[in-house]
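Notes to accompany the following structure.
The values are calculated or read from the model by the stated rules, or taken from the named source; none is laboratory data. Note that this is a predicted model, so its numbers are computed, not measured. Every residue, glycine as well, gets a Cβ built from its backbone with ideal geometry; the counts of neighbours run over all protein chains shown. For the accessible areas, the whole protein counts, side chains as well, though only heavy atoms, and no ligand, DNA or RNA atoms are used. Shrake-Rupley method; radii C 1.70, N 1.55, O 1.52, S 1.80 Å.
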Amino acid sequence: MRQVVQGAAALLLVLLLAACDQQAQQEQPGAGSSAKSSARSDADAERYARDRELCRSTVAEYTKQRRNIDDSRREVFRGDYDRYGRGDLPETMAAYGDTRSTDRLIERCMEQHGWPAAPKPWWQKIGS
């Protein structure tokens with residue numbers, strides 16, 4: 001039993017070291033920096049800005065449409081919210097939800113255009 005636990009711990013350690021080594025290799029910048037790589041990074045920056053603006057406008061259109069639907073649905077019960085003292089709560093929560101969903105939608109759109117999302121720490125992944 002003890003040998004199995006030690007073997008599993010050794011395997012886990014080897015896998016962890018391999019993952020760290022692979023991540024370190026990915027983070028190292030390219031060996032040769034030249035005018036060609038500078039021109040490419042400028043082109044990539046322009047493409048990124050163009051793709052980001054396209055995603056932002058697409059998400060804004062979608063969010064506007066969803067907001068209109070939600071507002072018209074909520075308008076039916078507007079009197080009840082005011083009567084129970086929760087007049088601004090639906091708008092506040094909707095704005096917060098829009099902000100969170102807009103960020104996620106833009107990130108997904110950028111991934112579809114070939115721009116991977118920046119890695120998040122584990123505590124930011126919880127609840128997303």
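Assorted remarks:
- Any pair with Cβ under 6 angstrom, 6 or more apart, that starts in the stretch 87-108 at a residue that is under 19 Å from LEU54 (Cβ atoms) and in contact (Cβ under 8 Å) with a residue 12 or more places away in the chain and ends at one that is part of a helix (DSSP H, G or I) and open to solvent by less than 30 Å² (accessible area, probe 1.4 Å): THR102/VAL59; THR102/THR63; LEU105/VAL59; ILE106/CYS55; ILE106/VAL59
- Taken over the stretch 111-127, the criterion of being surrounded by 12 or more Cβ atoms within 10 Å (Cβ to Cβ) and part of a helix (DSSP H, G or I) is satisfied by GLU111 alone.
- Among the criteria (1) closer than 28 Å to ALA45 by Cβ; (2) of a type outside the set (Lys, Arg); (3) over 9 Å from the mean Cα position of the chain (by Cα); (4) modelled with pLDDT of 85 or more, the one GLN124 does not fulfil is (4).
- Hits in the stretch 65-110 (condition: of a type outside the set (D, E, K, R), modelled with pLDDT under 80 and in a helix (DSSP H, G or I)): GLY79, TYR81, LEU89, PRO90
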